[in-house]
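Engineer: Can you read through this structure? Questions will come right after.
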Amino acid sequence: MSTQLSRRSMLKWMAAGSTTAALAACAVPAATDSGGGDMADMEDITIGWARHGSEGDVPTETGLAELFKSKNPGVSVEPLVLPWGDYNTKIPVMVAGGTAPDTFGCHPALMAETHTAGGSIPLTDFIDAYGADLNYDDVVYHGDALFDGVVFGLPQKSCTHQLRYNKTLLEEAGMPSPGDLYWEQGADGWNWNTFIEMGKELTKDLDGDGETDQYFYGGSGGTNQLATIRAAGGEVFDEAISTCTINSPDAVEGIKFMADLVLEHKIQPPPEMQASELGINFNTGKIVMAGGTTCDSVRDLREGYELPFEWDFVLVPAGKAGFRCWGDTDQIVVSSSSEHAQEAFDWSVYRSSLDAWEEGYDSGIKLAFSDGPTRYSIFESKAYTEPLGALDIPMIREGYINTIPNPFVPRSPQPYRVLFTVMTTEVDNALRGAKTAQEAADDMCAQIEEILAENT
Amino acid sequence: MLGKSKLYWKNVFEGYAFISLWIVGFVVFTAGALLGSFSISLTKWNIVGTPEFIGIGNYQKMIEDEFFWKSLKVTLIFLLNVPLNLALGLFLAMLLNQKIRLIGLFRTLFYLPSVTAGVAVSLLWLWIFNPRFGVINVLLKYIGIKGPAWLGSETWALPALIVMSVWGVGGGMLIYLGALQGIPTAFYEAATLDGASAFQKFRRITVPMITPVLLLNLIMGVIGSFQVFTQAFIMTKGGPNYATLFYVLYLYQNAFQWFNMGYASALAWVLFLVILAFTFLILRTSSSWVYYEGG
């Protein structure tokens, strides 16, 4: 028998291969793997769990899934960790296609979109069925999970956006700690005025060349910009989210305060300076205060990653409306396409529980360095206090209490576009002096009204 | 058709069979996606929900969308980099076409930036353009000029990105170099005997002989400029005040940041048509200035 492949045979194989490739390309993957085909495995259930994160989060999720399985024999969790960009495209597509994982994490904007699309199921009945065992009152940030009074998620992680301050620089300058000012005098001690006064003392030309080398403040991102505008008594929308109100006098006062830090008081580098790219940033000790989240910034406490100075958190200083702090959660939702809703919910209960934090901690998983507390009881847990012992943990907790309103992210059309494109661009215009605070606010409103009109 | 021989049809069948895998790939992954995006462009769709058919609504919306016009204007201005790159690429190619020592090293050095990752190049230029410590402003300071804020200035951000685009001139330069080396030396020898000056040789021999390559670089440059994205995404995020809001960046924002997938698809189709029109226009005019040996 000849082993040589004839041309006719080759063409047949190619035609068959093409057809197979076409069919494979058109195939839609199943939502979940419901276990193996053997009779012995028939009872086993595998649920999919997706979250955004980095490669470093994979061992965390795998480890927690193993701990969950040890308590729930026959139920396996298959984690999928995707980078932020991929996650925000793949999950919506999977939700739309009915192939979403059984459970997946939702940041506030994705939470609202998933809810509107009917991609998640209500959990209130599940929570009620757990009763005291779940202790829902202990869960932080109910706001992000609630839609018309119904709960649609349990938190996977929660973060507040505060300011970090360089304790060493402040001590060397003989200045009081912002944390002490907050705890001792509240809004009377830690407010816009004290912020500016301290800023003037600590913004310095270190080498005498006439140029500033050390700035007091690194500047606000969109999250702390919103917190500042709200601390001034301003708001982006009216209550019905039908009108833009960010050009109100109160909101403009907040924008002006931010612009004055650069233009008048010069305690913050101008946006065009790209200071951070040049090593003028918090981690190099050339910025005394900078924004930081209580989920990510704490990684600087990990062994081998410590900063060469002491630092801590404090809330964004109080405006005339008091303290306001950006806080948000990634909620774990149960997909409406899941065939194992109860098991998926059981996983979400475990993933957000104190047990997961403490059992994970005992097995080497330090959620304190990746996930903010999902429950108030976690602030007292060794799983949180031991890794973050160098920090003012009650201050971190204050962020959760001062997240007003809750949810902090407006339930508006395209909230991230409003906050992180429209608002940040116009505040940047004010900081560069290209527009007055009022002009920037008016232009913000013009764009926001368009977004509202598009989505009405 | 009916008069074709059996051998003819056999050859046709075999030809298609040999390219069948490619055809499947094209139909499924390119043509399918193209048609899919066109159908999406007729809907209002935020990816998560059900698409709502709105006909040509997305296309009508563009007319009133100030950011559509802004991004188109920014991208059209950025096209200025094309003649700059064409001229500089040719100039460098002629320099590197000389028989001098270490010419291989020089060619590599000039070509290297064009194969460097866009993100790395962007980060490098962020430093170069820094208003206080960047090398450009430091040099300007030496001659008594206070440099602008470059990427932080509404006026200078786009020109800065145009200047930066010259960094990638090596790609076009290499193609010119190939074309220059393909010109028979007999032409130059004959011209020398006739007493032609260096400029006359350049104008009457070099330029006509490399016009096909000029055409190629022109078309590739125009297409590439319409698709510019990385620099703005990394360096300016479209700012300050939308001064570097390139068309594809705006498209990306709509698609993947704001989930206006219907509108983004419509933007993509308009971009396709604009590029098609420019390419068609260039090709139509090429018969009057491109010289092909052998007619």
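The values are calculated or read from the model by the stated rules, or taken from the named source; none is laboratory data. What you see is a predicted model; the values in this text were computed from it and never measured. Cβ atoms come from the backbone with ideal geometry, glycine included; neighbour counts cover every protein chain shown. Quick note on the areas: whole protein, heavy atoms, side chains included, nothing else; ligands and nucleic acids left out. Shrake-Rupley method; radii C 1.70, N 1.55, O 1.52, S 1.80 Å.
Engineer: How much of the pair distance distribution for the range B:85-181 lies past 24 Å, counting alpha-carbon pairs only, in percent?
Structural biologist: The proportion of pairs with Cα distances above 24 Å equals 36 percent.
Engineer: For B:Y16, B:Y292, give the ranking by accessible area with the largest first, probe 1.4 Å.
Structural biologist: B:Y16, B:Y292
Engineer: Could you tell me the largest-minus-smallest coordinate of the C-alpha atoms of the range B:237-290 on each of the three principal axes, in descending order and whole angstroms?
Structural biologist: 45, 27, 11
Engineer: Another question about this same structure. With unit charges on the beta carbons (Lys and Arg positive, Asp and Glu negative) and the dipole taken about the Cα centre of chain B, which residue among B:W45, B:Y188, B:S225 sits farthest to the positive side?
Structural biologist: Of the candidates, B:Y188 comes out farthest on the positive side.
Engineer: Please list A:W192, A:W347 from largest to smallest accessible area, probe radius 1.4 Å, with all protein chains kept in place.
Structural biologist: A:W192, A:W347
Engineer: In deg cm²/dmol, rounded to 500, what helix-only [θ] at 222 nm does chain A give when every DSSP H run of at least 4 residues adds -39500 (n - 2.57) and the total is split over its residues?
Structural biologist: One gets -11500 deg cm²/dmol as the mean residue ellipticity at 222 nm.
Engineer: Compute the relative contact order of the range A:187-282 as a whole-number percentage, counting only Cα pairs closer than 8 Å that sit 6 or more residues apart in sequence.
Structural biologist: 25
Engineer: What is the distance in Å between the Cα centroid of the range A:128-191 and that of the range A:90-110?
Structural biologist: If you average the Cα positions of each part, the centres end up 27 Å apart.
Engineer: Rounded to the nearest 0.05, what FRET efficiency do A:R299 and B:K4 have when you use their Cβ-Cβ distance and R0 = 60 Å?
Structural biologist: That gives a FRET efficiency of 0.25.
Engineer: For the range A:264-292, state which residues have at least 20 Å² less accessible area in the presence of all protein chains than in their chain by itself, taking the probe as 1.4 Å and leaving out ligands, DNA and RNA.
Structural biologist: A:E272, A:M273, A:Q274, A:E277, A:L278
Engineer: What's the average, rounded to a whole number, of partner chain beta-carbon atoms within 10 Å of each residue's beta-carbon in B:17-24?
Structural biologist: The per-residue average across the peptide is 5.
Engineer: Still on this model: Per residue, how many Å² of accessible area does chain A show with a 1.4 Å probe?
Structural biologist: Per-residue value: 41 Å².
Engineer: What shape does the range B:210-269 have by the C-alpha gyration tensor, where a ≥ b ≥ c are the square roots of the eigenvalues, rounded means a/c under 1.5, and otherwise prolate means a/b greater than b/c and oblate the rest?
Structural biologist: It is oblate, given that a/c is not under 1.5 and a/b is not larger than b/c.
Engineer: Hey, another quick one. Given +1 on the Cβ of Lys and Arg, -1 on the Cβ of Asp and Glu, and no further charges, what dipole in debye does the range B:65-286 carry about its Cα centre, rounded to the nearest 20?
Structural biologist: Its charge dipole is roughly 460 debye.
Engineer: Averaging sequence separations of C-alpha pairs under 8 Å and six or more residues apart, then dividing by the length of the range B:1-131, give the relative contact order as a whole percent.
Structural biologist: Over the range B:1-131, the number comes to 8 percent.
Engineer: Using a probe of 1.4 angstrom, how much of the accessible area of chain A is carbon and sulfur, in percent?
Structural biologist: The C+S portion of the solvent-accessible surface of chain A is 51 percent.
Engineer: Something else: Do any of A:K90/A:K366; A:K286/A:K435; A:K200/A:K256; A:K167/A:K256 go past 21 Å between their Cα atoms, and which?
Structural biologist: A:K90/A:K366; A:K286/A:K435; A:K167/A:K256
Engineer: Could you tell me what a quarter of the Cα convex hull surface of the range A:57-201 works out to, in nm² with one decimal place?
Structural biologist: 13.7
Engineer: Determine the principal axes of the Cα atoms in chain A, then give the extent along each, sorted from largest to smallest and rounded to whole angstroms.
Structural biologist: 90, 51, 51
Engineer: Let me have the relative contact order for the range B:65-286, percent, based on Cα pairs under 8 Å that are six or more residues apart.
Structural biologist: Relative contact order here is 29 percent.
Engineer: Please report the buried accessible area for the interface of B with A, total over both chains, probe 1.4 Å, in Å² to the nearest 100.
Structural biologist: Interface area, both chains combined: 3500 Å², rounded to the nearest 100.
Engineer: Also, quick follow-up: Once the convex hull of the C-alpha atoms of chain B is built, how many Å³ does it hold per residue, rounded to a whole number?
Structural biologist: 236
Engineer: With Kirkwood's inverse mean 1/r over C-alpha pairs for Rh, give me the Rg to Rh ratio of the range B:126-232, two decimals please.
Structural biologist: 1.17
Engineer: Moving to a separate point now. Over the range B:27-97, average the accessible area per residue using a 1.4 Å probe and give it in Å², no decimals.
Structural biologist: That works out to 55 Å² per residue.
Engineer: Taking all protein chains as present, what is the carbon and sulfur share of the accessible area of the range B:65-286, in % to the nearest whole number, probe 1.4 Å?
Structural biologist: 72
Engineer: Okay, next question. Which distance in Å, rounded to a whole number, links the C-alpha centroids of the range B:196-248 and the range A:333-385?
Structural biologist: 54
Engineer: Nearest 500 deg cm²/dmol is fine: what mean residue ellipticity at 222 nm does chain B get from its DSSP H runs of n ≥ 4 alone, each adding -39,500 (n - 2.57), divided by its residue count?
Structural biologist: -18500 deg cm²/dmol
Engineer: Which one of A:T421, A:M198, A:P176 has its Cα pushed farthest toward the positive end of the charge dipole of the protein assembly as shown, where Lys and Arg give +1 and Asp and Glu give -1 at the Cβ?
Structural biologist: The residue sitting farthest along the positive end of the dipole is A:T421.
Engineer: Sticking with this one: With both bridge residues required to lie in chain A, what share of the DSSP beta bridges run antiparallel, to the nearest 5%?
Structural biologist: In chain A, approximately 70 percent of DSSP beta bridges are antiparallel ones.
Engineer: When the convex hull of the Cα atoms of the range B:141-295 is projected onto a plane and the area is averaged over all directions, what value comes out in nm²?
Structural biologist: Across all orientations, the range B:141-295 yields a mean hull projection of 13.8 nm².
Engineer: Hey, what D do you get for the range A:234-372 in µm²/s if you plug the Kirkwood alpha-carbon radius into Stokes-Einstein at 37 °C and 0.692 mPa s?
Structural biologist: 168
Engineer: Sum up the charges of everything whose Cβ sits under 9 Å from the Cβ of A:P108, counting Lys and Arg as +1 and Asp and Glu as -1, but leave A:P108 out.
Structural biologist: Taking every Cβ under 9 Å from that of A:P108, the sum is -2.
Engineer: If A:S242, A:S248 are ordered by their accessible area, calculated over protein heavy atoms with a 1.4 Å probe, which sequence runs from highest to lowest?
Structural biologist: Putting A:S242, A:S248 in descending order of accessible area: A:S242, A:S248.
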